[in-house]
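Note sheet for the following structure.
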Amino acid sequence: MSDTVFSFRRLARTGPWTLSRGAAQVMFQDNVWTGLLFVIGIFVGAYAEGMPVVAWGALVGLVVSTLVGALFRFPAADGKDGLWGFNGILVGCALPTFLADTVWMWLALIICAALTTWVRTGMNNLLAPWRVSSFTFPFVFCTWCFLLAGREFMGMAPAHMSAPEIDYTIAPVVCHNALDFVEYWLKGIAQVFLIDSWITGLIFLIALAVASWRAAFWAALSSLIALAMALLWEAQGSSVIGGLYGFSAVLTGIALGATFWRPTFRNGLMAAFGVVATVFIQAAMNALLAPVGLASLTAPFCIATWLFMLPRLAPQLPTSSSK
């Protein structure tokens, strides 16, 4: 079979491994065991929260987006590495988190997860001259569209979304002990998959260490930096307690500190600065999106990572040829 085609036949042979890699690729890891531990962590956290629908949504999103890649024969290398699935699994976590659990929500989840495979391929083609990828922005864009559509469709009502607000009150965290802050730090890692559980965060750290100790280090450090900044600048207490300033920072840290740049002291400083910038970008996006009651999702990570990678990459623009 041609290496340029990743067909249903090949997917049938390698399906479990492809799906597991798809879960792992959310944090840039091409490792079957890391992906499996991520899925286990999602189920543990979702059931502990009393939200099992999130765990099953993650599986549905992962499977659908991967099947779409095979059906329409998107780039074979992406299929082998699990890159069709990571946006889909995030959609599967997000829609049940914010929308009412109805038949129409599940149908919307399937459509949205399928769409991410198309959007990712198109965005990567668009960004190719700049030598950066779309990261998780296909998930962000598609999910934003479907969450906003939920305000118009009673069949998938935004039952768990924030109410639109322009003027809101900030209530910072006060009088918490050291063990509480450890929980908030680990939740910052778990929230990459929209899971509010410190146990899941610990499982994710172990999963990352299985694939790359450097990725685990940067995940831990980035969540710690984000938590410290949120406390110092007195961010919204509920966001700090839920680890909501950590997840985009974690992805930025892994991307810059452990994936795309060589591990040097200077690059480490730049990666840490990128994590700091991510926290401010997230705060700004939270304020920007509050009037429509929309979560920023992983958009701060995408924006910060693009901003820090682009100055170091010369664009590869097409050259004109004379006839």
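The values are calculated or read from the model by the stated rules, or taken from the named source; none is laboratory data. These numbers come from a predicted model, not from an experiment. Reconstructed Cβ throughout: ideal geometry from the backbone, glycine too, with neighbour counts over all protein chains shown.
Computed values, structure above
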{"quantity": "Enumeration of residues in region 25-38 that are more than 9 Å from Ser212 (Cβ to Cβ) and either buried (at least 23 other Cβ atoms within 10 Å of the Cβ) or touching a Ser or Thr at 6+ places or on another chain (Cβ under 7 Å) (or both)", "calculated": "Gln25, Val26, Met27, Val32, Gly35, Leu36, Leu37, Phe38"}
{"quantity": "Residue in region 47-96 that is farthest from the chain's Cα centre (by Cα), counting only those that are aromatic (Phe, Trp, Tyr) and either in a helix (DSSP H, G or I) or outside the structural domain of Met156 (by TED's automatic domain parsing) (or both)", "calculated": "Tyr47"}
{"quantity": "Single residue of region 186-229 satisfying the filter (more than 15 Å from the chain's Cα centre (by Cα) and part of a loop (DSSP other than H, G, I, E, B)) that is nearest to Ala255 (Cα to Cα)", "calculated": "Ser212"}
{"quantity": "The lone exception for Trp213 - which of (1) over 27 Å from Met51 (Cβ atoms); (2) among the aromatic types (Phe, Trp, Tyr); (3) touching a residue at least 24 places away in the same chain (Cβ under 8 Å) it fails", "calculated": "(3)"}
{"quantity": "The listed residue being closer than 27 Å to Thr34 by Cβ and in contact with a helix residue (DSSP H, G or I) (Cβ under 6 Å, 6 or more places away or on another chain), out of Thr278, Thr264, Thr259", "calculated": "Thr278"}
{"quantity": "Top-ranked residue of region 175-185 - restricted to ones that are over 14 Å from Ser239 (Cα atoms) and of a type in the set (A, V, I, L, M, F, W, C), ranked as nearest to the chain's Cα centre (by Cα)", "calculated": "Val182"}
{"quantity": "Restricting region 235-277 to residues that are more than 14 Å from Ile189 (Cβ to Cβ), touching a Pro at 6+ places or on another chain (Cβ under 9 Å) and not small (Gly, Ala, Ser), the residue that is surrounded by the fewest Cβ atoms within 10 Å (Cβ to Cβ)", "calculated": "Gln236"}
